[in-house]
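Q: This is the structure I have questions about; it appears just below.
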Amino acid sequence: MRIPEFRLWGPGRHGERERTERAWITEVCQVALHEAMHLAGVRHKDMTEEQCYCSMPVPWAADLQLRIKETPVEVPREERVAAARADRLGHAQAMLAKAITRSKRAVTIEKKWKRRVALLSK
Ligand SMILES: [Zn+2]
């Protein structure tokens, strides 16, 4: 999930006021706490008004630093194709090894039952 940068939260869209970076960090922490409560099974009706509307105090956020996630480096298409091919080759080799094992096991089982049939046919 990518949380929009505070600079992108322009004032007025939903009655928001202009935010400072510190206010943005506080709000991110309040929302994160609210969502963590949901993960713990808490429903809105079980929350206090502050918890429900993400206005609870978060003193632990006072000197928290949030960094904007860097844009991932674009991998050239040839490298992506080569990596995908290597993955498929590895998978095919593993499946071949399994098939060889199953084949050998089948031969062993066949020998066992041939011996049994020969023994009982005497
Ligand atoms: Zn909620």
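The values are calculated or read from the model by the stated rules, or taken from the named source; none is laboratory data. What you are looking at is a predicted structure, and each value in this text was computed from that prediction instead of being measured. For neighbour counting, all protein chains shown are included, and Cβ atoms are generated from backbone atoms with ideal geometry for every residue, glycine included.
Q: Tell me which residues, restricted to the stretch 32-57, are assigned to a helix (DSSP H, G or I) and surrounded by fewer than 15 Cβ atoms within 10 Å (Cβ to Cβ).
A: Matches in the stretch 32-57: ALA32, GLU35, ALA36, HIS38, LEU39, HIS44, LYS45, ASP46, GLU49, GLU50.
Q: Filter the stretch 66-86 for residues that are under 30 Å from CYS29 (Cβ atoms) and among the β-branched types (Val, Ile, Thr); which is surrounded by the most Cβ atoms within 10 Å (Cβ to Cβ)?
A: Of everything passing the filter in the stretch 66-86, ILE68 is surrounded by the most Cβ atoms within 10 Å (Cβ to Cβ).
Q: Same structure again: Taking interchain pairs and intrachain pairs at least six residues apart, which have beta carbon atoms under 7 angstrom, with the first residue in the stretch 12-27 and assigned to a loop (DSSP other than H, G, I, E, B) and the second at pLDDT below 70 and not hydrophobic (A, V, I, L, M, F, W, C)?
A: ARG17/PRO11; GLU18/PRO11
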